[in-house]
Amino acid sequence: MTRSDTAWRLPVARTHVLSGSAGVLSFVGGAGDFDATGRTRNPGNLFAQIPGTLRNLDAALASEACSLADVMRLKVYYQSDGSQDEWALSAALADAFAAPLPAISLIPVPLQPFPGQALQIQAIAQRRWRDLPDVRVDPLPIPDACSERFPSAQLTSGLRAGEFIVTASRTATPDAGGDAADAPAQTHAVMRSLEATLSTLGATLQDTVKMEGYYFGTTREHWVPMAEVRGSYFREPGPPATVVPCHVLWPAGAATRIEVLAMRCTRGGFDKYIPRDDCWPERVWDWPIPLPYRQAIRLRDTVWLGGQVPARPFDNSRERVLPGELHAQTAFTMSYVEDLLRGFGRRPADLKLMVCYFKSAGTPEETARFVASLADCVDGALPPLTLVPQPHLHTPESTVEIWGVAVA
């Protein structure tokens, strides 16, 4: 990489790229307030890191002939104990964008992958989407008590530009139709909210190409009731999904947070479902309860993967292979990624985004070893990476979950 005022890199020893494209979509993994050496500027200061992180995001997008103006979804993993007011964070981010704003998803996390890092920002952009003839927005009104902070009167709950649709992640707290004591009821409320947003944009949940979710829980018994609710909103074939345990959420009382990405076309003035190809080799695991999701789909110029875990192959049991061994499980999980991509004539080197949740105490040494394990499984430079260290994942035996997007 050329060093300049806008050059930056992740603080990892392995060769990596910061951005990539699949068809009309461009991706940036986890941009942070890094300089050209990978050093974190403004260490530990969440709001001070926002301007530099957005400049770095813009620089990475420039490599794909995009800019901040082309961002449709901004996903922000920010370090928090749950007390950070997300309206203040949304306002600081929104100030960098013109209306209509991208969909902004805020994900509080207890850990970051690199020393001093307080947030990382992942972006999905579509070149010149603002010039497309079909742009639709589902607005999210800003409460009067917060309105003075924002350059616009509303945030974006959902955004459609041409065929591509994004939604902002959302929770369901007691004051928004949820029940603090009932995680399945909150899940229903969130799924109904997503359903309503997609309807406003001329789509349905069945148009989803990727569902991402977060839930409080440390056992399968916590996971199952919410998983059954989420699954009930799709029929087969459903989308690829990634749902991982969370450790903090805002506001207090929230038990889950969910978002979706979708694609839908227009023919003769009518919105239509886009057929997609799917791949599910016999070796690749299935869920331990009946769920409608697929492991990988191809649509237009993109391949979307479900979250891959070190589950026992050829099986839908609850067992994990190589229990508790992060680096062995990483290699095994990447073999599933390879199996799925092979079905579309692709390989890990064709990934344009890789999102990795891995068990860690939050030390840079653990991140470095994990990245080295990934690099051993990818032929060539690492793709744009979002690295999310987790105190725990679904079970004590499970240490990693990986999904991504590849060029078809």
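The values are calculated or read from the model by the stated rules, or taken from the named source; none is laboratory data. Everything quoted here is computed from the prediction, not taken from an experiment. Neighbour counts are summed over all protein chains in view; Cβ atoms, including those assigned to glycine, are modelled from backbone coordinates with ideal geometry.
Taking segment 5-45, which residues are under 15 Å from Pro115 (Cβ atoms), surrounded by fewer than 20 Cβ atoms within 10 Å (Cβ to Cβ) and within 22 Å of the chain's Cα centre (by Cα)?
Once the filter is applied, which keeps residues that are under 15 Å from Pro115 (Cβ atoms), surrounded by fewer than 20 Cβ atoms within 10 Å (Cβ to Cβ) and within 22 Å of the chain's Cα centre (by Cα), segment 5-45 yields only Arg9.
Residues are listed down the side, and each one gets a yes or a no for (1) under 27 Å from Leu194 (Cβ atoms); (2) more than 14 Å from the chain's Cα centre (by Cα); (3) among the β-branched types (Val, Ile, Thr):
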{"residue": "Cys66", "(1), (2), (3)": "yes, yes, no"}
{"residue": "Leu74", "(1), (2), (3)": "yes, no, no"}
{"residue": "Gln84", "(1), (2), (3)": "yes, yes, no"}
{"residue": "Pro102", "(1), (2), (3)": "yes, yes, no"}
{"residue": "Ile121", "(1), (2), (3)": "yes, no, yes"}
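So in segment 248-268, with the set limited to residues that are surrounded by fewer than 17 Cβ atoms within 10 Å (Cβ to Cβ) and either outside any strand (DSSP E or B) or polar (S, T, N, Q) (or both), which one is modelled with the highest pLDDT?
The qualifying residue modelled with the highest pLDDT is Thr266.
Identify, from the list Asp271, Asp339, Asp286, the residue that is free of Cβ contacts under 8 Å to residues at least 40 places away in the same chain and either assigned to a strand (DSSP E or B) or charged (D, E, K, R) (or both).
Only one candidate passes the filter, namely Asp286.
Any chance segment 202-213 includes a residue that's more than 15 Å from Phe164 (Cα to Cα) and in a loop (DSSP other than H, G, I, E, B)?
No; the residues of segment 202-213 include none that is more than 15 Å from Phe164 (Cα to Cα) and in a loop (DSSP other than H, G, I, E, B).
Starting from residues that are modelled with pLDDT under 95, surrounded by fewer than 17 Cβ atoms within 10 Å (Cβ to Cβ) and touching a Lys or Arg at 6+ places or on another chain (Cβ under 9 Å), keep the ones in segment 135-177 and report whichever is farthest from Arg73 (Cα to Cα).
Ranking the qualifying residues of segment 135-177, first place goes to Gly177.
Please go through segment 342-396 and give me each residue that is part of a loop (DSSP other than H, G, I, E, B) and under 18 Å from Leu119 (Cα atoms), ordered by number.
Ser360, Ala361, Gly362, Thr363, Pro384, Pro391
The conditions are (1) over 21 Å from the mean Cα position of the chain (by Cα); (2) at pLDDT 95 or above; (3) of a type in the set (A, V, I, L, M); (4) under 21 Å from Cys246 (Cβ atoms), and Ala180 fails exactly one of them. Which is it?
Here Ala180 meets the rest and fails (2).
Of Leu353, Leu393, Leu374, Leu382, which residue is of a type in the set (A, V, I, L, M, F, W, C) and over 25 Å from Arg9 (Cα atoms)?
None of the other options fit; the residue is Leu393.
In the set Leu194, Leu201, which member is aliphatic (A, V, I, L, M), within 24 Å of Ala69 (Cβ to Cβ) and at pLDDT 95 or above?
Answer to the selection: Leu201.
Check segment 53-73 and report whether any residue there is of a type in the set (Asp, Glu), part of a helix (DSSP H, G or I) and touching a helix residue (DSSP H, G or I) at 6+ places or on another chain (Cβ under 8 Å).
yes
Say we look at segment 302-336 and pick out the residues that are assigned to a strand (DSSP E or B) and either of a type in the set (Phe, Trp, Tyr) or out of contact with any Phe, Trp or Tyr (no Cβ under 8 Å at 6 or more places or on another chain) (or both); which of these is farthest from Asp379 (Cα to Cα)?
Arg320
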